[in-house]
1. What accessible area, in Å² to the nearest ten, does a 1.4 Å probe give for ILE50?
2. Using a 1.4 Å probe over the heavy atoms of the protein chains, calculate the carbon and sulfur portion of the accessible area of the range 1-51 as a whole percent.
3. Expressed in nm to one decimal, what extension gain is obtained for the pair THR34 and GLN79 from 0.36 nm per residue of sequence separation less their Cα-Cα distance?
4. Express the accessible area of the range 30-74 per residue in Å², computed with a 1.4 Å probe while the remaining protein chains stay in the model.
Amino acid sequence: MEHFLKERLGAGVRARREASKLSQEKYAPTIGLTVRYLARIERAERNLTIDSIDSIAQRMGVDPVALLRLGDRQLAKAQPKGGSSPKSSASES
């Protein structure tokens with residue numbers, strides 16, 4: 001559960017990239033990232049600051065909250081039937 005926010009972000013970034021029908025190699029430069037950095041975001045291996053998330057989302061042409069919601073939907077699709085998705089224990093404000 002400690003990585004849930006990173007997983008949501010990574011899934012949202014990946015879904016947005018895949019919707020553009022571009023590989024990481026082609027997409028990364030269009031949003032000002034290296035391929036390696038993009039791959040690590042998609043795999044939830046990066047601890048991004050709020051400013052970094054905002055900047056990346058802006059370059060992707062999407063609101064940061066919408067990017068997280070997109071990630072939620074992607075993770076929900078990946079859940080096996082009858083499985084439960086992790087919930088954040090922190091209240092959203």
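1. Taking all protein chains as shown, ILE50 has close to 130 Å².
2. The C+S portion of the solvent-accessible surface of the range 1-51 is 51 percent.
3. 13.2 nm
4. For the range 30-74, the solvent-accessible area averages 60 Å² per residue.
The values are calculated or read from the model by the stated rules, or taken from the named source; none is laboratory data. These numbers were taken from a predicted model, which means no experiment stands behind them. Just the protein is used for accessible areas: all its heavy atoms, side chains included, with ligands, DNA and RNA removed. Shrake-Rupley method; radii C 1.70, N 1.55, O 1.52, S 1.80 Å.
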